[in-house]
Amino acid sequence: MRVLCAMSGGVDSTVAALLMRQAGHEVVGVTMVLAPERDPEEEAQAGGCCSLADAQDARRSARAIGVPHYALDMRAPFARHVIADFEREYLAGRTPNPCVACNRGVKFDALLEKADELGCELLVTGHYARLAPAPEGGLALYAAADPDKDQSYVLYPLRREVLDRLAFPLGGMRKAEVRALAREAGLPVWDKPDSVELCFVGRDYRDYLARTRPEARRPGDVVDTAGRRVGRHAGVAFYTVGQRRGLGVPPGPDGGPRYVVDIDPEANTVVVGGREEAMRDRLRVEEMNWLAPPPRPGEEVAVRVRAHGPLSRARVLPPEGDGTLDLALAEPLFAPAPGQAAVLYRGERVLGGGRLARLGGTVAAARA
């Protein structure tokens, strides 16, 4: 069949295109240019992705595979949906995930539209995730075979009805296999390092925010969980729940380190406490997107709140009628941050996910 392959310029998406070509499909490569233009030296140091340089790598790789290649300039919608959300969330004291926001609001919709335009039946990407028939019909999303590279977490915002039009050729492979295939095929990006930074930020999001959103520099008080002032902060946007370094506060009463346990943008305060005060045994998830029939109250699921964090057992609590999902954790979890994605699994299947809401109270307070 005729398929559209999203080629980011890295080794994973290049090998995905290669595999589809070797399987006999007619492959059309497309690269989304998302990141704003930067100085070449700054871009090289940042180590991000989705830049004009990556588009050039993708074009060279497409030529090596022998497939046509297009570049799709998506910098304007990316700025509206992803960069603006990133800045807005940090200013509100939350911790966003730009890759989730991109998948939700930009990437897959634009690529599927391009696939329709070019007469392609499937959209192929280099994500490490798997698709398999669901018991209730259609396809279900599953974690990748390689747990160290699994990307099912950032794919939870996909609409369930589009799963039938997707293919993830790398879902059953290990990273070492992917690089070996690329090297054997003589692909120019076989040894290109993985991108490790946000494509538009660079190494430190605080420097980025200070430069692009000067209103983020609004100093305020750092307080402990009893409300006592223990220091000053440079602006709530520069802190995340669970942060330990750079707080500029004395140790806790027990002599141990302090962590950010809450951020209150309305009061312009950063709340710090000991590790136990950063633990949570309840989660509230908003803006849920379901890729499977929702679990019933009382049902046990697994939840992940960081892209490569551990899975935590949780019990679904009765709904409160406001559209949120409440979970009781079997074991307290350290510093789940409002704004992060919370993704639910049953076994290796992705049930759905949403964003963590701000939830007051700590395990330590509940035990007091």
Q. Using 0.36 nm per residue, how much length does the chain from residue 164 to residue 185 gain when fully extended, once their Cα-Cα distance is taken away?
A. 4.6 nm
Q. Hey, what did region 156-259 get for relative contact order, percent, Cα under 8 Å, at least 6 apart?
A. 13
Q) Lys/Arg Cβ at +1, Asp/Glu Cβ at -1, dipole of the chain taken about the Cα centre: which of 212, 273, 325 is farthest positive-ward? A) 273
Q: Tell me which residues come under 5 Å, amide H to amide H, from residue 330 once H is placed; ignore anything under 5 positions away on its chain.
A: 313, 314, 315
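So what is the relative contact order of region 217-274, in percent, for Cα pairs below 8 Å that sit 6 or more residues apart? Present the calculation step by step, with values, prior to reporting the outcome.
Values: 114 pairs, mean separation 21.6, N = 58.
Reported as a whole number, the value is 37 percent.
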Q: Going by C-beta contacts inside 10 Å, put 83, 263 in order with the fewest on the left.
A: 83, 263
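Magnitude of the Cβ-charge dipole of the chain, K/R +1 and D/E -1, about the Cα centre, nearest 20 debye? Could the numbers behind the result be given before it?
Values: 49 positive and 50 negative charges, 97 e Å.
So the magnitude is around 460 debye.
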Q: Rank 246, 235, 137 by mean-square fluctuation in a GNM of the chain with C-alpha springs under 10 angstrom and give only the top-ranked residue.
A: 137
Q. Label-point separation (nm) for residue 92 and residue 207, each offset 7 Å from Cα along Cα-to-Cβ?
A. 2.8
(Q) With both bridge residues required to lie in region 217-274, what share of the DSSP beta bridges run antiparallel, to the nearest 5%? (A) 70
Q. Please state the relative contact order of the chain as a whole percent: Cα pairs under 8 Å, 6+ residues apart?
A. 16
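Which value at 222 nm does the chain reach when only helices count, each DSSP H run of 4 or more adding -39,500 (n - 2.57), with the total divided by all residues and rounded to the nearest 500 deg cm²/dmol?
Values: 10 runs with 83 residues, N = 368.
Helix-only estimate at 222 nm: -6000 deg cm²/dmol.
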Q) Using θ = phi - 60° and the Karplus form 6.51 cos²θ - 1.76 cosθ + 1.60, what ³J(HN,Hα) does each residue of region 122-139 get, whole Hz, x for Gly and Pro? A) 10, 10, 10, 10, x, 5, 8, 7, 10, 10, 8, x, 8, x, 8, x, x, 10
Q.
Through the Karplus equation 6.51 cos²θ - 1.76 cosθ + 1.60, θ set to phi - 60°, convert the phi angles of region 89-102 into ³J(HN,Hα) values in whole Hz; use x for Gly and Pro.
A. 5, 5, 5, 8, x, 10, 10, x, 10, x, 5, 5, 4, 5
Q: Enumerate the amide H contacts of residue 272 below 5 Å, restricted to partners 5 or more residues apart or on another chain; note that Pro and chain-start residues carry no placed amide H.
A: 223, 224, 225, 261
Q: With θ set to phi - 60°, apply the Karplus curve 6.51 cos²θ - 1.76 cosθ + 1.60 along region 190-195 and write out the HN-Hα couplings as whole Hz, x wherever there is a Gly or Pro.
A: 4, 10, 5, x, 5, 6
(Q) Starting from the 7 Å offset along Cα-to-Cβ, what nm value, one decimal, do you get for the label separation of residue 313 and residue 221? (A) 4.2
Q) Any idea how far apart residue 232 and residue 245 come out in nm if each label point goes 7 Å out from Cα toward Cβ? A) 2.4
(Q) Checking the cross-link filter: which aspartates and glutamates have an alpha carbon closer than 12 Å to that of residue 175, excluding same-chain neighbours under 8 positions apart? (A) 12, 146, 148, 150, 191, 194
Q: Would you grab the residues whose amide H sits under 5 Å from the one on residue 342? Only those 5+ places off in sequence or on another chain, please, with H modelled 1.01 Å from N.
A: 354, 355, 356
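Values quoted throughout were computed directly from the atomic coordinates according to the rules given, and no laboratory measurement underlies them. Remember, predicted model here, so these are calculated numbers, not experimental data. Quick reminder, even Gly has a Cβ in these numbers, built from the backbone with ideal geometry, and neighbours come from all protein chains shown.
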